[in-house]
Amino acid sequence: MLVPSWLESLLSSDFFSVCSSHKDSPRSECNMFCLDCQDDAFCFYCRSARHKDHPVIQIRRSSYHDVVRVTEIEKVLDISGVQTYVINSARVLFLNERPQPKTTGKASSHLCEICRRSLLDPFRFCSLGCKLVGIKRNGDASFILSTKNDEITERMPRILAAKAEEELREGIQQEMYQSMPPPPHSNSRRRKGIPQRAPLGP
């Protein structure tokens, strides 16, 4: 099994509609999904009433597209190979394929294997939906967490952080060298003083 049973229900769900049971409440948008029940999306109040002890994922929106935080989804899904983005100080990934933007300037060297969307980094897929299509088509990826994938997922942030720290340290050292004045030349001669004329005798 390469795909959990609840994933396709998650990707096909309609989010951010108004909950019919709590439409007069301030937090009535249906932006949550239960991994156990695998039913339609529900709101904050439905979670308290019917999904209190169930594993629930909260869906968010970016430019009218559904996203999920990496810190939530990586606990239940292997997201390796999917491009992530930082939005509002949180790292997220998109649930499904998005419309292609108009290409301007130089084309990206990184493309989604399924929809050919330009990617920022060398990932294989632009979204969970495209990874699902890739698994069904080729079978060379998986959404199921494994010990090996867990180790890679835990190691990558440390590798990236170490690389960023090294680049920062090199930049600081370069600035220090540029700001330091050159040392005095070892063979530099002192400037002689103005010779004083001897006083005239009587």
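The values are calculated or read from the model by the stated rules, or taken from the named source; none is laboratory data. Treat the numbers as computed from the prediction; the structure is a model and nothing was measured. Heads up: the accessible areas ignore ligands, DNA and RNA and are worked out on the full protein's heavy atoms, side chains in. Shrake-Rupley method; radii C 1.70, N 1.55, O 1.52, S 1.80 Å.
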If you roll a 1.4 Å probe over the heavy atoms of the protein chains, what accessible area per residue do you get for the range 1-143, in Å²?
57 Å²
Using only the alpha-carbon atoms, what does the range 1-94 span along each of its principal axes? Please give whole angstrom values in decreasing order.
40, 32, 21
In percent, what relative contact order does the range 1-117 have, based on Cα pairs under 8 Å that are 6 or more apart in sequence?
16 percent
Quick one: 3J(HN,Hα) in Hz for the range 140-145, Karplus 6.51/-1.76/1.60 with θ = phi - 60°, rounded, Gly and Pro as x.
9, 9, 8, 9, 7, 5
